[in-house]
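Asks: Below is the structure I would like to discuss, written out as structure tokens.
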Amino acid sequence: MGFHVRPSAAALAVVLSAVALSGCTGAGGAYSVLDREAEARDEVPADLPGYAWDDVDQATARFVGEGDGTSLWLARARDDAAACLLAYVDADTWVIGCGGDGAPFSIGGVTGTFTVVPDDAPAPDGMTRVSDNVYTATGS
């Protein structure tokens, strides 16, 4: 897995890291939002290039909120062993980062800094809740 950005933002976007070890829980079991039926608001931005979805199953994307002006979607990775977060500001400012097996992971860069945690995991220290699974760095 990795992250994808438009070339103009590539130098600024950084996937921080997969944070912890965990059991072999698939993304669907660890993130209940991915198990609900898609709704109109789950539609991802049409201006993302096709390569944005190389490692991500676009059909599973679910809108999970906004943090610091960035719209956020959680999705399953194509291998279903990971969850992915799309952080989108506009056609030139976006990043997709993935983490595996139900472990918390973070992405950061020009879109802000966000941490994804599985259902029922504790909130990351010093972060603000965006949704059940997504947190943003305070003041990012």
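Asks: Restricted to the range 80-89, and to residues that are in contact (Cβ under 8 Å) with a residue 24 or more places away in the chain and open to solvent by 10 Å² or more (accessible area, probe 1.4 Å), which residue is nearest to the chain's Cα centre (by Cα)?
Replies: Result: Y88.
Asks: Inside the range 52-70, can you point out the residues that are small (G, A, S), open to solvent by less than 20 Å² (accessible area, probe 1.4 Å) and at negative phi?
Replies: A52, A61, G67
Residue by residue, here is whether (1) at pLDDT 95 or above; (2) hydroxyl-bearing (S, T, Y); (3) within 15 Å of the chain's Cα centre (by Cα) holds:
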site: D35; (1), (2), (3): no, no, no
site: E39; (1), (2), (3): yes, no, no
site: E43; (1), (2), (3): yes, no, yes
site: G50; (1), (2), (3): no, no, no
site: D55; (1), (2), (3): no, no, yes
site: A61; (1), (2), (3): yes, no, yes
site: G65; (1), (2), (3): yes, no, yes
site: T70; (1), (2), (3): yes, yes, yes
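Asks: Being in a helix (DSSP H, G or I) and touching a residue at least 12 places away in the same chain (Cβ under 8 Å) is the filter; apply it to the range 39-51 and report the residue that is most open to solvent (accessible area, probe 1.4 Å). Let's see the steps before the verdict.
Replies: First, the residues of the range 39-51 that are in a helix (DSSP H, G or I): 40-42, 50-51.
Keeping just the survivors that are touching a residue at least 12 places away in the same chain (Cβ under 8 Å) gives 41-42, 51.
Numbers: R41: 135, D42: 9, Y51: 82 Å².
Taking the candidates together, the pick is R41.
Asks: Output the number of the condition that I107 fails; it satisfies all remaining conditions of (1) at pLDDT below 90; (2) in a strand (DSSP E or B).
Replies: For I107, the exception is condition (1).
Asks: Could you figure out which of (1) without any contact (Cβ under 8 Å) to a residue 60 or more places away in the chain; (2) touching a Pro at 6+ places or on another chain (Cβ under 7 Å); (3) of a type in the set (G, A, S) isn't true of G102?
Replies: (1)
The values are calculated or read from the model by the stated rules, or taken from the named source; none is laboratory data. Treat the numbers as computed from the prediction; the structure is a model and nothing was measured. All Cβ positions, even for glycine, are placed from backbone atoms using ideal geometry, and neighbour counts span all protein chains on display. To get the accessible areas, we keep the full protein, side chains included, count just its heavy atoms, and leave off ligands, DNA and RNA. Shrake-Rupley method; radii C 1.70, N 1.55, O 1.52, S 1.80 Å.
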